[in-house]
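Since the structure comes first, as structure tokens, the remarks are kept for the end.
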Amino acid sequence: MFAKGQPVAPYNTTQFLMNDRDPEEPDLEVPHGASHPGSSGESEAGEADGRGRAHGEFQQRDFSEAYERYHTESLQGRSKQELVRDYLDLERRLSQAEEETRRLQQLQGCAGQQPCRQVEELAAEVQRLRTENQRLRQENARWNREGGGPGGEPGT
């Protein structure tokens with residue numbers, strides 16, 4: 001399973017990840033038909049949707065707990081200097097985000113007034129073009145009646 005000396009990645013990466021997981025890791029998958037913790041097991045309308053929702057909530061809670069443990073462990077493994085540097089970096093990024101938000105709000109405030117002015121200008125331009133178009137139609141009709149078009153032929 002090598003291509004040009006490099007290992008080939010499997011097509012189904014989800015299956016690859018499932019096969020790669022730690023065998024000692026508990027199987028948190030709830031068998032179909034088994035009740036979830038906290039459920040009464042009684043049949044009611046919309047039970048399938050309720051099971052799916054409960055399973056999703058369980059997975060979300062489980063993920064949050066695992067992520068929190070991992071994050072805590074990773075922070076505990078860092079030196080004080082690294083933590084301070086990360087904190088200062090987060091402060092800097094927060095300041096940049098706040099400044100960007102203020103800038104966008106100011107642009108949005110200016111843009112709120114500008115479109116009204118642009119709409120008025122465009123409406124005036126449309127009216128001017130309509131008037132000019134009407135004038136050109138009348139002139140064209142007059143030329144056609146007189147038969148004295150620019151080339152001397154009527155209707156051109």
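Of note:
- For the stretch 90-96, the Karplus equation 6.51 cos²θ - 1.76 cosθ + 1.60, evaluated at θ = phi - 60°, returns couplings of 5, 4, 5, 5, 5, 4, 5 Hz by residue, with Gly and Pro reported as x.
- Computed FRET value (nearest 0.05) for residue 104 with residue 66, which takes r as the C-beta separation and R₀ as 35 Å: 0.45
Since every read-out is calculated from the coordinates, none of them should be taken as a lab result. Remember, predicted model here, so these are calculated numbers, not experimental data. Positions of Cβ are generated from backbone atoms using ideal geometry, with glycine treated the same way; all protein chains shown enter the neighbour counts.
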